[in-house]
Amino acid sequence: MPITVLQPQPAAKRQAAAMSVDSDSDSDSGGGAEVHGEDILTPGTVITSNSQWMRGHGTYVQPGETAITSSLAGTLTKTNKLLSVRPLRARYTPEIGDLVVGRIVEVQAKRWRVDVAASQLAILQISAINLPGGILRKRTETDELQIRSFFAEGDLVVAEVQQLHQDGAASLHTRSLKYGKLRNGVFVSVSGIGGGSGVVRAKRQVWTMDVANAGGKVDVLLGVNGYIWISKHIESDTNAEAVGINRMEESVSSKVYSSQNDPLELSTMREIARIRSVILALVENRLKVDEDMVTKGYSEAVELGRESPDDDLYLGGEKGQRLAAALTGH
Amino acid sequence: MADRRRVNGPGGITVPPIYEAEDLPLPDRSRQPNGIRAQYLKTGVTPSASGSAYLEIEPQNGSVSKGMKLTCTVHGPRSLPRSAPFSPHMVLSTHVKFAPFATRQRRGYLRDSSERDLSTHLETALRGALIADRWPKSGVDVIVTIIEGDQARQVAVEQGIEEWDMMNVLGGCITVAAAALADAGIDCVDTVSGGVAALVPGKDGEEPVMVLDPVPSEHEEILAACCVAYLPSRDEITNLWLKGSLSSDANLQRMLIARAVHASKGSSQAVAASLTEAALAG
Amino acid sequence: MASQQILFSPAELAYLHRSLSLKPPIRPDGRAPTQFRPLTAETGILPGTNGSARVHFSDGTEAIVGVKAEIEKTIEAPRAEESKPESNEAASERTRGDWLELAVEIPGQRDDEASTVFLSEMLREALLADKEFAKKLFINRRFHWRLYLDVLLISPPLSYPLPLLSLTTHLALLATRLPRLKSEGDEDPMFDDDWEASTFLYPQEGTATNGSRPPITLLVVAIGDNVIFDPAKEELAVAETALAVSVAEVRRAQKAGDMEVDSKGRELSLLSIRTIDPPSRLTPPGVPHTSNTGSSAFAPTKLQKAGDQETEGVWKAPLGGTKFGVLDGIIQAVLEKGGVADEVLDGLEGVELS
C-alpha cells in the first residue's frame, strides 16, 4: 500500500514505579541514596543529605546547605561515591578524544566552524589539518586564500576533539590519515537522544563490515555526537600503510580534499541503504546504537529482506518493530 | 499595513466611477486561434541600470482590451552585502510590481500577494536559464514594472477573470526579463520566453477550442489556461503554471502545454529580433 | 523554496543522485518510488471551528487546519437598471473567488514572504479552479458564507511543506459543516441551532454529491528518468525537476437504476500544476580529483566549464529546464487510474470524520 494513514496513538503509559520514592531519607541503610531504578528525578528533587556522597553532573548544592539536589530531569547514576543525574534527552557535550562527524557551516579567516550537534559550533583551525604535500610544507598565505579548496560549507568531516575551551566549544583536528573529508556514502543523524539510546561511547566507533548480496565491504563510522557515516570501503594504497610515522604526512595525496566519489556498485548502494534503515529502526525503538547491535540488526534485516520477493529495504513502522523485537529477544 | 514613508492616496478602496451602461461589445476574438498579438521589444531603455528592456503588446483593434506595457531593469551582477552568507552561485532576486495606475482598480505601493506570487514564478523561470556558478558571491536584482495591464473597462474582478489575466502578465514578464538579462551581459544558457495558451468553450456548444495568447475579455469563459517559460534552443521548460479544470484525459493537458510552448516560440522570435537589432545599431 | 539554505556536501549529493538515477531507484530510506511515508491523521480536533484536521508525518512535521465560516452581505455589483429579475440559477452564477480566504502560517517566516504566498496561492487556486467551490457558499442573493481557512504549520519547515498542508486542508474541508438553513428565499438567513442537523460542506450521500471533492496537491520530483513521490529533504536537494500537481476526484451521483459502474479507479480531474524551484540549483559544486589545488602553491586557473559533461562522481548543480517528456511522464504518473493519486485518496477516505 503506497500510503499508510494511521490513527494517532495515545501516549504510552509509563509502568508504575515498582518501589515508592523516599526522596529524603536520613536512615542509615548503608548511607545510600533512596531513589531507585527507573524513577525520574525532576529539577529540585533532593537526592540525599548524606555528606559522604560527592556531587556530579546534573546536580547542585544550595549554598549554605549540604543536601544534593537534582538540577535536571533524568535518572540517577552512582559511580563509587559520585552521584550524577543522567538527563532523558540531552545535547552532546564534547569530551577530549571523542571521534566526531561534523558538517562545516562557516568558513572564516583561518579556520572553519563545524556543527557537531553540541551547544556550540566547534572550531577547526587550518593549522590542525593535513595539507597535501607533507609535514614540512609551510602554511602560506595562499592556503588561507584558498581555504575553500580544503573544506567548503556543507562538507562532512570526521575529526577528533583536541581540546575544549572554557565556554565549552571544542577544537577539532584531523591530523591523521583516518580523519578528513567524507565521501562515497550516506549521512544519518541520530542526535538528541540521551539516557541509554542513541550512539554510545564504545571502544570501536569505526569498523568495516562485510555485507550480503555481493556488496563488498562497507565502513560504518559512528560519531559520538550522533552523526553517523556509512560508506563504501575503499582500499587505501598499501604504500601508505607501509611508511613509518615520519613519512606519513608526505603520503597525504591530493585526493584527500576532493569530493569526487569513486564508482559505486548497485549492490553496495543497496546494502548501505539497508544499514541506514537498520540504524534508524534501532533509534526509533529506543535501542542503543553500537557495533554489536548494528551488526546483529543487519543480519536480521537481511533475513527480513528475504521475505519479500524484491528484497524490500524499507524498515519503518511495523518491520522496524519486528527487528527490534528480534534483537531484544536474543 | 500602514505605509508611513510616502504620502499616500486616500486609504481604503477607491471605487471607480460608475458610468452609464454602454453597449459593451460581445466577447469576440478576431485573431486566429493560433495567432499571437504583435510585440514590440526594445532593450537598453534605462541607461543607469546594467540591463533593461521594454515590452509592449498591442491591443487588437475593436477589442476591449488596451494592450500591455512592461518594463524591466536588471542590476548586477554585484557583490552581496558582507552580512550575507557565502554563496557559490549568483543570488537571483526578482520583484514584480504593478504601477498603481496600471489596472482598473488602483493598486497600492505595497506589493500584494498576487505580485509576490508572480515574482516567485518569474524567479523559477529565470533561474533555469542562468549559469549561476560563474558568479559566486554576487547577486542580481531583476525588477519588472507593469505600466499598463491588460484590463478593460469592465471591472474584471466581477467577472472573475482577473486570475487569468495574471497568466498573460507572467508571460510578458518572463519575456521582458530575459531580454533585460541578455542586455546586462549575464551568462544564460538560452533566452527564456513566455507563452500562454487557453482552453475556451467552442462556438455554439462545439468542442472546446485551444487558443494562443488569450485575452480574457475576448472570451466568455476560460476553462483552463497554461503559462510556460520555454528555452527554444534547448527545448526545455523552466516554469509551468497550469490552472483550470481538466479531465484526466491525457491528450488534453499535453495539447495545452504544447500550444503554450508554441506561443512562447513566437515571443522568442520577437526577443531575438530586437536583440539583434540592438547589437547592429549600438 | 529555493531560497532556504540547505547544507549538503557535494559528495553526498553526487551519491544520492547516482543512487536515485538507477533503475529501480534506491531511495535513502529504501522506499519504493511511489511509497509515501506513514502519517497519522485526525479530524474534529478543534470544537470551536466549523471543521478542523491535524496531520503528522513521520519525519516530525505537523500541520493543523481550522475552517471557520461567517455570514457576509453580498455586494451588488453596479449594473444598469435591468427590469427583469434574475432567476436564482443566474444569481448563483455570480459567485466570487474571494469568498474564500486562505491564510498559511509557517513558523519563522513572515506571512508576506514570497514562498509563503506561493504556497497559499497554490492551495487557493486548486480549490477554486473548477469554479464549483463558491457555489457551496451561496445562501441567497443577499448573503453568502465567507470561509476562512487557516493553515498552520506547527513544526519548523524541515522539508517543503506543500503536501502536508494540502492533505490537512483536504481533510479539514471534508469535515467542515455548515448550519442548516431554515429561512427561505432572499430574507435574512436563519439557521438551525442544532449542530447535529448541520450539513457537510462536501456531502457524502444524496444528489448533492454531484460535483467534485476537495483537491489534494502532490509533490513529485524527477531525477534522471525516475519519477519519485513524497520526496524527503535529501531527495529534493538532488532533484532536477519538482512539480506540484493538484487533482481532485469528480463524483457523479448515480441515478437509481444505473448499473453498478466499474469502480476501479476514480475519475480524476487535473486542477493545477506549478513547477517548484528545486533547491538543487543552489547547491555547491564538487571538487574533482584533478583540479584540487592542495598540492601546489599556486591557484588553479582552469574553472570547470559550465555545460561540460559531469565528471563521474562529482556533483554539479543542474542547469537549464526540463524536457517536455519528463513533465508529461510526471503528470501521467499522477493521473493514471489506480495510480498514486487514487491510492492517496483511498487512504484519506479511511480517516473518520468526527
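Judged by the mean number of other Cβ atoms found within 10 Å, the most tightly packed of the peptides C:52-58, B:91-97 leads the ranking C:52-58, B:91-97. Annotated for the range B:39-281: lysine pairs at least 8 residues apart or interchain, Cα distance under 27 Å, count 16.
Counting only alpha carbon atoms, the long axis of helix B:162-184 and the longest principal axis of chain B meet at about 30°.
Each of A:Val116, A:Asn80, A:Gly102 was scored by the projection of its Cα onto the charge dipole of the range A:75-132, and the greatest displacement toward the positive side belongs to A:Asn80; charges sit on the C-beta of Lys, Arg, Asp and Glu. When peptides B:76-85, B:239-248, A:171-180, C:221-230 are ranked by their average number of other Cβ atoms within 10 Å per residue, the highest-first order is B:239-248, C:221-230, A:171-180, B:76-85. On C-alpha positions alone, give me the angle between the axis of helix B:250-281 and the longest principal axis of chain B, in degrees, nearest 10. Result, in degrees: 50.
Cross-link pairs exceeding 25 Å in C-alpha to C-alpha distance, out of A:Lys178/A:Lys319; C:Lys73/C:Lys136; A:Lys110/C:Lys316, comprise A:Lys178/A:Lys319; A:Lys110/C:Lys316. Once the Cα atoms are used to define both axes, helix B:113-127 deviates from the longest principal axis of chain B by about 60 degrees. Per residue of A:261-270, other chain Cβ atoms within 10 Å of the residue Cβ number 4 on average. Rg and Dmax over the alpha-carbon atoms of the range B:39-281 stand at 18.0, 63 Å.
Express in % the proportion of alpha carbon pairs of the range B:160-256 at distances exceeding 24 Å.
The calculated P(r) of the range B:160-256 puts 28 percent of pairs beyond 24 Å.
Considering only A:Val283, A:Ile272, A:Gly297, and ranking their Cα positions along the charge dipole of the range A:257-330 that arises from unit charges at the beta-carbon of Lys, Arg, Asp and Glu, the one farthest toward the positive end is A:Val283.
Restricting the range A:63-141 to trypsin sites (Lys or Arg not before Pro) that sit in a DSSP loop and have at most 16 other Cβ atoms within 10 Å of their own Cβ leaves A:Lys81, A:Arg89, A:Arg91, A:Lys110, A:Lys138, A:Arg139. Averaging the Cα positions of each part gives two centres, and for the range B:75-113 and the range A:48-114 these lie 48 Å apart. Adding -39500 (n - 2.57) for every DSSP H run of four residues or longer, then dividing by how many residues chain B holds, sets the calculated 222 nm ellipticity at -9000 deg cm²/dmol. Think of each Lys and Arg Cβ as +1 and each Asp and Glu Cβ as -1; about the Cα centre, that makes the dipole of the range B:39-281 roughly 960 debye. Which one of B:Leu122, B:Val169, B:Ser87 is farthest out on the positive end of the charge dipole of the range B:39-281, using unit charges on Cβ (Lys, Arg +1; Asp, Glu -1) and the Cα centre as origin? Checking the options against the dipole of the range B:39-281, the answer is B:Ser87.
Each reported figure results from applying straightforward, stated rules to the coordinates on display, with no laboratory input. Given the structure is predicted, the values throughout are model-derived calculations rather than measurements. Neighbour counts are summed over all protein chains in view; Cβ atoms, including those assigned to glycine, are modelled from backbone coordinates with ideal geometry.
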